[in-house]
Number of protein chains: 2
Amino acid sequence: MKNVPNRVILPESELPRQWYNVQADMPERHDPYINPGTGKPATSEDFYPIFAEELARQEFSTERFIDIPDEVRELYKTYRPSPLHRAYRLEKALDTPARIYYKYEGGNTSGSHKLNSALPQVYYNKRQGITRLTTETGAGQWGTALAMAARFFGLDLTVFMVKISSMQKPYRKAIMETFGADVAASPSDRTASGRKILEQDPECLGSLGVAISEAVEMAVTTPGSRYVLGSVLNQVLLHQSVIGLEAKLQLEMVDEYPDLVIGCSGGGSNMGGLMAPFMRDRLTGARKPYFIAVEPAACPSFTRGKYAYDFCDTAKVTPLARMYTLGSGFMPSSIHAGGLRYHGMSPILSKLYHDGFLDEARAEKQNDVFAAAKLFAGEEGILPAPESSHAIKAAIDEALRCKQSGEARTILFGLSGHGHFDMGAYISYNEGSITDYIPTDEELQKGFDTLPKVE
Amino acid sequence: MKNVPNRVILPESELPRQWYNVQADMPERHDPYINPGTGKPATSEDFYPIFAEELARQEFSTERFIDIPDEVRELYKTYRPSPLHRAYRLEKALDTPARIYYKYEGGNTSGSHKLNSALPQVYYNKRQGITRLTTETGAGQWGTALAMAARFFGLDLTVFMVKISSMQKPYRKAIMETFGADVAASPSDRTASGRKILEQDPECLGSLGVAISEAVEMAVTTPGSRYVLGSVLNQVLLHQSVIGLEAKLQLEMVDEYPDLVIGCSGGGSNMGGLMAPFMRDRLTGARKPYFIAVEPAACPSFTRGKYAYDFCDTAKVTPLARMYTLGSGFMPSSIHAGGLRYHGMSPILSKLYHDGFLDEARAEKQNDVFAAAKLFAGEEGILPAPESSHAIKAAIDEALRCKQSGEARTILFGLSGHGHFDMGAYISYNEGSITDYIPTDEELQKGFDTLPKVE
């Protein structure tokens, strides 16, 4: 075994030149997207009015490797390769024979992995001559990443931020504005859908569904505009594969290969990106790492959802996808891991889970997750995002299992972001005021009742 | 000229094993500390009741290199070596022939360079058998760094946080608590000095002077306790030399040497640390880099202060030091660079400036500093702390001067921290509500009137 540094650093020259597309190696592709207007399988052209054409094509691509454009790679270099940490202090605190590694994606100002997809999405839009983008943001990580990417490439950006979120997180709004984004509290008077809601209820605090409606409406009604989305889609998983590709090279530098790959999953972009090259090994039979996706017990799409066709967006404008879902009408409780409050799950991850390649999904309760986060912060000196802390919880549990069994397993987990803008959640946890909400079967049924009927 | 990556990364194996003590190479040492009780030059023993003995000895040491203890070096490795960035995008935006480098110290959860001194200070206290530390914090960076260090070494810590600051920055308080620190809003009922003030004025919002008084009182009246301080002192500059030592190695990796070394200066720990090995070259005559210290126009100790004996702390408990000072009674306006609101300046930096080795000090106005910060963030993708943005302002000005003269100078500046917890300041700037306060001569005179009389 080599002497492993605290942070395994990949030289800039080793930054991947291509993304890896896991669709190329899946024995079966995920069920086709369906055009909700025609009820027929959607094509890339069906996505053109909403997304840039190259991104729509990537959505359907089965090419194994896709070149990272030079312009994107140059911007990746301002914060990538990201470090792979060996959790020496956490291992010691747990008294475990396991070797724990984490890939840390919080070392850029957006604070998470979201920038990895924001940059190419803006780039492809710019190349097509698009000058203005729209999106929505709830927790604010995606909006921040996109504001940075839009600033770098010189595109205008309007972010529809759920009004309650913009009130609770004024700092997130301020960062986006510092990077030049136009941030509108949603519902807003900028769109017909926003105005309609405000007419009915001027005090409406908004929802992700409303914000998406406004963003899509502005994109499709303003010439030269397109809409962009930060998770769930195949194109996003493709871009995020840079996380796993780097991690694999870094582990090779220290003669390691993960027995376990653990990631939190909301829409699936972080888990999908981290696991990509290891899943390739699994799909081709080269190696057999074990995959664990971790989600909040409050929004349990993998563990309690249905594998069914549903809308990817709560505004029901994008094509239908078959995925693990709680129904687009499912209203998750106000939990602190805002990035994991999504009703569905990436179609690719859903298919891999359904077919047994993604081995396990776990749902964790909020207080357990924050206890893990606090232990991790105290040992490793990094204050994790509530989302990422779901993966920490599972990694700790697996390390403790190794302690019992005596197995020196190699655990890799994704630390997708830092918690600097989530201190309100930590305050609640420190005060003991976080509750462990778990939806009842009846509450879940209400969500399932909103599933569209697809033949 | 070598091909320079965006981030010059020093391998963990190259992390310095010794700190560099600039006092070893100064032709004249700074004027002696004076014991305010006896009026005589202070010895290291005079510091023992307040500081750990090894730290008190470092304060007076003229050893050129001092070993970094293994325990400290192991913890440095969790976030060091820190990256040296080449500001390619900023250079392009400025259209300058200058090559701009910045050493980024914001890549740890404390968010600044403060952790570099917090770790050894806690370590030396622990080695002496101290179990409990006290300190004060205003802006919160030092308190956060110390909370992390205390957690790592298992010491108890009480942080007296200026009450108005703890109200305005609840997130900073929450981070410290997440790392296990006991945070008391000052004035508090924990100390006699705090209780006395609360009796007179129950609504008192506190001040740094009051917080220091409480922290020192608790340290000297509680067995097994000591007080720690995050800037100004020689020991702190010694620990912070790790910044410059790494930066010098990183520049050597790409065949560079700085023509200009620029740092913001409040108490002097950041500037002193960054410049240390380059100042050695200057003092020994090996090279002649040009040094610029940048301070806020609202708190201009270098540019408008007196070179005089004064108290290092506004509570007047530490020995007197000769330094550039506005008087410990100077009340700086409420500016956003909280870390630069200090009435005095490191005795070492003061002496070097007085003797002409630190070439230049500049005072910058708040709006100019935030304009520089916003340009930097938009190009480099890092949201800088208001403190660090003073150095950015000067670096941009120098790069623009190079554009006029056509000189391809090499500029190194210190990016001492990120601004994730300073978004309130950015909000004010984006709203246009920041004013450029500059104290009048009369206001400065009020501060000078509080200078102690020393023969």
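The values are calculated or read from the model by the stated rules, or taken from the named source; none is laboratory data. Because the structure is a prediction, the values reported are computed rather than measured. Glycine also receives a Cβ, built like all others from the backbone with ideal geometry; neighbour counts cover every protein chain displayed. Just the protein is used for accessible areas: all its heavy atoms, side chains included, with ligands, DNA and RNA removed. Shrake-Rupley method; radii C 1.70, N 1.55, O 1.52, S 1.80 Å.
Within the assembled protein chains, the solvent-accessible surface assigned to residue B:142 is about 20 Å², based on a 1.4 Å probe.
For the range A:394-455, the C-alpha radius of gyration sits at 1.81 times the compact-globule guess of 2.2 N^0.38 Å, with N the residue count. Under 19 Å Cα-Cα from residue B:351, which aspartates and glutamates qualify once same-chain neighbours fewer than 8 residues away are excluded? Here the aspartates and glutamates satisfying the reach criterion relative to residue B:351 are B:25, B:28, B:31, B:59, B:63, B:281, B:295, B:310, B:313, B:359, B:360, B:455. Ordered from longest to shortest, the equivalent ellipsoid semi-axes for the range A:149-202 are 23, 14, 5 Å, each the square root of 5 times a Cα gyration tensor eigenvalue. In summary, the range A:301-404 shows an alpha-carbon radius of gyration equal to 1.22 times the 2.2 N^0.38 Å reference for compact globular proteins. Once Rg and the Kirkwood radius are both taken over the C-alpha atoms of chain A, their ratio Rg/Rh works out to 0.94. Karplus-based coupling profile of the range A:57-64, in residue order and whole Hz: 5, 4, 4, 10, 5, 10, 4, 6, with θ = phi - 60° in 6.51 cos²θ - 1.76 cosθ + 1.60 and x standing for Gly or Pro. Residues of the range A:375-403 that bury at least 30 Å² of accessible area once all protein chains are present, compared with their chain alone (1.4 Å probe, heavy atoms only, ligands and nucleic acids left out), are A:378, A:381, A:383.
Quarter the surface of the alpha carbon convex hull of the range B:150-276 and you get the mean projected area, 10.0 square nanometres.
The charge dipole of the protein assembly as shown, taken about its Cα centre with unit charges on the Cβ atoms of Lys, Arg (+1), Asp and Glu (-1) only, comes to about 780 debye. Here the Karplus curve 6.51 cos²θ - 1.76 cosθ + 1.60, taken at θ = phi - 60°, turns the phi angles of the range A:73-86 into couplings of 4, 4, 6, 3, 5, 6, 9, 10, x, 7, x, 9, 8, 9 Hz, with x standing for Gly and Pro.
In straight-distance terms, cross-link reach from residue A:196 covers every one of the lysines whose alpha-carbon lies under 16 Å from its own, apart from those fewer than eight places away in the same chain; here that gives A:163.
A label point on residue B:168, set 7 Å along the Cα-to-Cβ line, lies at 2.6 nm from each of its counterparts in the other copies, closest listed first. Put +1 on the Cβ of each Lys and Arg and -1 on the Cβ of each Asp and Glu in the range B:176-262; which of B:192, B:233, B:206 then has its Cα farthest toward the positive end of the dipole? The one lying farthest along the dipole's positive direction is B:192. A label point on residue A:407, set 7 Å along the Cα-to-Cβ line, lies at 6.4 nm from each of its counterparts in the other copies, closest listed first. By accessible area, using a 1.4 Å probe on protein heavy atoms only, the range B:308-352 has 51% of its surface on carbon and sulfur. Think of the range A:359-455 as having a plus end and a minus end, set by charges on the Cβ of Lys, Arg, Asp and Glu; of A:420, A:408, A:361, A:408 sits farthest toward the positive end of this dipole. For residue A:129, the label point sits 7 Å beyond Cα toward Cβ; its separations from the matching points on the remaining copies run 8.0 nm, from shortest to longest. Take the Cα radius of gyration of the range B:168-243 and divide it by 2.2 N^0.38 Å, N being the number of residues; the result is 1.28. Buried accessible surface for the A/B pair, both sides summed and rounded to the nearest 100, is 3700 Å² with a 1.4 Å probe. Considering every Cα-Cα pair within the range A:122-220, what fraction, in whole percent, is farther apart than 23 Å? That fraction is 21 percent.
Per residue of B:145-156, other chain Cβ atoms within 10 Å of the residue Cβ number 1 on average. Think of a 1.4 Å ball rolled over the protein heavy atoms: chain B then has 34 Å² of accessible area per residue. For chain A, build the charge dipole from Cβ charges (+1 Lys, Arg; -1 Asp, Glu) around the Cα centre, then report which of A:286, A:454, A:251 sits farthest towards its positive end. Farthest along the dipole direction, towards plus: A:251. For the range B:71-195, the mean projected area of the C-alpha convex hull, equal to one quarter of the hull surface, is 9.8 nm². In a fully extended conformation the segment linking residue A:368 and residue A:127 would gain 82.2 nm over its present Cα-Cα distance, using 0.36 nm per residue. Here residue A:437 and residue A:195 are evaluated by their C-beta separation; at R0 = 41 Å the FRET efficiency comes out at 0.80.
Among A:225-232, A:418-425, the peptide with the highest mean count of other Cβ atoms within 10 Å heads the list, and the full ranking is A:225-232, A:418-425. For residue A:24 and residue A:354, a Förster radius of 22 Å and the Cβ-Cβ distance give a FRET efficiency of 0.75, rounded to the nearest 0.05.
Cross-link partners for residue A:114 among the aspartates and glutamates, with Cα-Cα distance under 14 Å and sequence neighbours closer than 8 places in the same chain left out: A:105, A:136, A:387.
Plugging the Kirkwood radius over Cα pairs into Stokes-Einstein for the protein assembly as shown, at a temperature of 25 °C and a viscosity of 0.890 mPa s, what D comes out in µm²/s? For the chosen part, D equals 86 µm²/s. For the range B:1-112, the convex hull spanned by the alpha carbon atoms encloses 202 Å³ per residue.
As a fraction of the 1.4 Å probe accessible area of the range A:69-154, surface on carbon and sulfur atoms comes out at 46 percent. Dividing the convex hull volume of the alpha-carbon atoms in the range A:246-365 by its residue count gives 110 Å³ per residue. For the range B:44-97, the Cα gyration tensor yields ellipsoid semi-axes of 39, 17, 11 Å (square root of five times each eigenvalue, largest first, whole Å). Quick check on my link table: of B:248/B:393; A:40/A:288; A:403/B:77, which ones sit more than 32 Å apart, alpha carbon to alpha carbon? Listed pairs above 32 Å: A:40/A:288. The rotation axis bringing chain B onto chain A passes closest to the chain B residue reported with its distance as B:420, 2, by C-beta distance in whole Å.
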